[in-house]
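These notes concern the structure reproduced below.
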Amino acid sequence: MKRHLITLLCPLSIVLCPLSIVLCPLSIVLCPLSIVLCPLSATNVASLSWGEVCGGRMPQEWYASDEAQQVGDVVIAVQKTNGGWMKNDQLHKLSSAEYQRLLSERDAHSCLDNFATTQEIRYLAKLYQATGLAKYRTAALAGIEMILEAQKGCGGWSQYWPLSGNYSYQDYITFNDDLMNNAMRLMRDVYQNTGDFKELVDAGVRSRCQAAFDRGLQCILDCQIDDNGVYAAWCAQHDTVAPYLPMEGRPHELPSVSGYESANMLSFLMSIENPSDELKARITAAVEWLDAHKIADHAVEDYTNAAGEPDRRIVEQEGTHLWGRFIQIGGQSGQDIYEHFFAKLKARNKKRSYTWQGVTYTYTEEEIARASYDPSKAYQPIYAIYKDTIQQMYYRFLYNYEDTPKTTDAKGCPVYTSLLPTNRANYQYIGSWCQYVIETEYPAWLSRHQPHAAGEYMLSAETCVSARTDVTYAFNNAFSISNDGGVAYSPAKQNTIRYSADVTYTIAIPQDLQVTTAEIRGYCNYGDADAYLWLWNGVTFPATQYVFPRTDEGDSQWVTYFIDMSDSPAEDTLSFRLAGRQTSMTIRLYCAKRQGQGVEEVQSDDVQGRKYLQDGKLFIMYNGTKYNVQGQLIQ
């Protein structure tokens with residue numbers, strides 16, 4: 001028999017659900033050992049993470065099912081009284097004890113870290129769109145209101161609401177784990193009033209979300225680190241007052257330029273439509289700074305060390321580049337940033353102790369940080385150790401990734417000079433996060449915002465004019481796409497269109513144009529395997545070149561690929577084929593005029609061609625087609 005994965009306390013074998021929220025048909029309620037088991041859908045939702053469920057990994061029709069609503073009622077039941085949720089709870093498969101704990105913690109603060117609150121809002125929005133039930137809309141709106149209330153005056157968000165206080169890093173502007181990005185994406189989705197958020201809130205709330213998004217964007221620009229007069233990138237946390245300097249996180253997360261957070265921030269910023277000139281300049285500056293501070297032709301390798309422990313090391317690998325999770329800043333900017341950090345530790349005046357050979361050594365955190373900071377190591381990755389048994393290492397600057405001998409500090413206490421194997425194995429202090437952004441996403445973004453002679457043409461759900469039953473997809477710009485598999489048009493999120501694997505699609509190109517460049521942006525629709533582009537314009541590719549990676553967390557891994565076809569432009573038709581899994585994509589085509597397709601001269605005003613003025617501009621009408629005076633087609 002199929003079982004429901006939600007387990008709720010059922011005293012006296014009676015289903016007792018807070019506020020009568022969770023409803024299970026009595027004919028299927030089983031309560032052995034006080035557990036309620038409700039029916040499960042054909043797809044085993046228990047095999048997914050909570051993030052995957054919220055991100056739309058289940059079939060679309062599932063979100064209207066009784067099972068989905070039972071999960072939604074649990075989401076409402078454990079919602080904090082201030083409107084949000086806590087992180088890392090798998091709300092679709094709670095044990096009785098976990099459920100009761102969350103009920104008892106409803107008056108505690110809410111969280112925005114690790115997708116918390118934003119993913120629950122997205123789940124409730126899906127349920128509202130699928131069922132029309134007001135309770136899901138009401139709960140989602142309460143979550144949105146919490147995020148609006150939690151936004152700081154400077155435009156940023158912190159990990160918790162209400163704030164933690166007491167000098168906690170949790171109260172800083174937080175880019176760590178994409179917190180800021182997730183809040184901003186949600187604000188944008190709400191105010192754009194599309195997809196799962198269509199008519200979810202009224203115009204007043206949408207306007208507030210748009211204002212919050214705009215303030216958040218300004219905060220991101222305000223936090224971009226000034227590296228001695230040059231814009232660099234971002235730290236994982238920033239101070240909440242101008243000049244919004246980089247700040248520390250946990251004891252191993254030092255003020256710095258963060259390679260990981262900056263890569264994700266750039267991906268988000270490049271998703272903003274119609275960027276201002278200032279935003280374009282800031283994106284370019286961050287990309288150039290990160291590119292200039294890479295560790296070229298090296299990679300991180302997992303291995304088992306001589307002690308039999310899981311470990312990581314840095315190896316040479318051509319074509320792969322690394323960035324520090326924390327890159328030390330130099331010059332006057334660095335001096336200002338680290339003095340600000342030391343002053344914060346001094347004001348907090350927290351002491352750390354370590355006992356060795358019967359002697360206890362006591363330090364303030366400021367002593368540890370100031371004594372270990374080496375300004376000559378500017379623009380190198382910096383490391384630190386967070387381990388309660390060796391608190392003399394808290395906020396101690398380290399500059400060695402792989403093992404180096406211990407030393408003795410000024411007090412005579414032994415201290416490490418490098419990371420430990422457990423630190424390297426359990427935390428990514430160094431990685432290749434920025435490479436894809438710099439080498440793939442940025443060129444594609446740059447191309448989108450450069451002028452093209454004959455124009456660019458978007459093939460997306462927004463420009464498609466076909467019905468869902470059509471197997472030829474017509475677009476409002478004279479392009480169309482047919483396929484040999486009889487696959488009907490199906491729109492997906494963010495204006496993408498679903499394309500099936502192992503089906504050949506053919507783009508019909510207007511006869512006066514040739515395609516010279518293509519930008520493909522999308523994500524794999526499934527989590528069990530990658531999708532990839534196998535064929536494009538007569539060229540086949542290996543499974544590793546244009547990959548749309550599967551995602552384990554339910555939040556689509558968007559990728560953008562830029563294909564240069566200038567050496568062999570496509571005319572009349574362009575075929576492509578995907579392999580692996582279904583993929584949702586938008587296709588942007590950059591086109592030039594086909595040779596001989598322009599109008600070179602019109603000498604007379606006759607039945608075929610005539611010159612005329614319209615809105616103060618001269619145009620040519622020739623054989624029923626409109627051209628400008630340079631002979632270029634007017635769309």
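The values are calculated or read from the model by the stated rules, or taken from the named source; none is laboratory data. On a predicted model such as this, the values are computed, not experimentally measured, just so you know. In this analysis, Cβ positions are derived from the backbone assuming ideal geometry, glycine residues included, and neighbour counts consider all displayed protein chains. Ligands, DNA and RNA are stripped out before the accessible areas are found, and what is left, the full protein with its side chains, is counted by its heavy atoms. Shrake-Rupley method; radii C 1.70, N 1.55, O 1.52, S 1.80 Å.
Structure data summary
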quantity: Candidates Gly204, Gly216 - the one that is assigned to a helix (DSSP H, G or I) and in contact with a helix residue (DSSP H, G or I) (Cβ under 6 Å, 6 or more places away or on another chain); calculated: Gly216
quantity: The stretch 133-157 residues that are within 15 Å of Val74 (Cα to Cα), paired with ones that are open to solvent by 40 Å² or more (accessible area, probe 1.4 Å) (beta carbon under 6 Å, 6 or more apart); calculated: Tyr136/Tyr128; Arg137/Tyr128
quantity: Residue satisfying all of: in the stretch 394-423; touching a residue at least 60 places away in the same chain (Cβ under 8 Å) and closer than 18 Å to Ser256 by Cβ; surrounded by the most Cβ atoms within 10 Å (Cβ to Cβ) among these; calculated: Tyr395
quantity: The stretch 257-278: number of residues that are among the acidic types (Asp, Glu) and under 23 Å from Ser333 (Cβ atoms); calculated: 2
quantity: Some residue of the stretch 248-259 being open to solvent by 40 Å² or more (accessible area, probe 1.4 Å) and not in a helix (DSSP H, G or I); calculated: yes
quantity: When residues of the stretch 550-588 are limited to those that are at pLDDT 90 or above, within 16 Å of Ala501 (Cα to Cα) and in a loop (DSSP other than H, G, I, E, B), the one farthest from the chain's Cα centre (by Cα); calculated: Gly580
quantity: Odd one out for Ile314, checked against (1) open to solvent by 40 Å² or more (accessible area, probe 1.4 Å); (2) farther than 26 Å from Ile329 by Cα; (3) in contact with a Phe, Trp or Tyr (Cβ under 7 Å, 6 or more places away or on another chain); calculated: (2)
quantity: Meets criteria (open to solvent by 20 Å² or more (accessible area, probe 1.4 Å), over 17 Å from Ala183 (Cα atoms) and small (Gly, Ala, Ser)) for Ser207; calculated: no
quantity: Residue within the stretch 419-429 that is touching a Lys or Arg at 6+ places or on another chain (Cβ under 8 Å) and either acidic (Asp, Glu) or assigned to a strand (DSSP E or B) (or both) present; calculated: no
quantity: Matching entry among Ile337, Ile314, Ile327, Ile283 (being within 30 Å of Gln494 (Cβ to Cβ) and either touching a strand residue (DSSP E or B) at 6+ places or on another chain (Cβ under 9 Å) or touching a residue at least 60 places away in the same chain (Cβ under 8 Å) (or both)); calculated: Ile283
quantity: Odd one out for Lys351, checked against (1) loosely packed, with under 14 Cβ neighbours inside 10 Å; (2) free of Cβ contacts under 8 Å to residues at least 40 places away in the same chain; (3) within 29 Å of Trp433 (Cα to Cα); calculated: (3)
quantity: Test: Ile390 is more than 22 Å from Val257 (Cβ to Cβ), assigned to a helix (DSSP H, G or I) and open to solvent by less than 30 Å² (accessible area, probe 1.4 Å); calculated: yes
quantity: Those residues of the stretch 349-381 which are over 30 Å from Ile430 (Cα atoms) and touching an Asp or Glu at 6+ places or on another chain (Cβ under 9 Å), in sequence order; calculated: Asn349, Tyr361
quantity: Pairs where the first residue, in the stretch 206-224, is without any contact (Cβ under 8 Å) to a residue 40 or more places away in the chain and the second is among the charged types (D, E, K, R) and buried (at least 16 other Cβ atoms within 10 Å of the Cβ), C-beta under 9 Å, 6+ apart; calculated: Gln210/Arg188; Phe213/Arg188
quantity: Residue match in the stretch 464-479 (condition: over 20 Å from Arg594 (Cα atoms) and touching a residue at least 40 places away in the same chain (Cβ under 8 Å)); calculated: no
quantity: Test: residue in the stretch 157-177 that is in a helix (DSSP H, G or I) and either under 20 Å from the mean Cα position of the chain (by Cα) or on the phi > 0 side of the Ramachandran plot (or both); calculated: yes
quantity: Any hit, the stretch 93-102, residues being touching a residue at least 12 places away in the same chain (Cβ under 8 Å) and under 27 Å from Gly165 (Cα atoms); calculated: yes
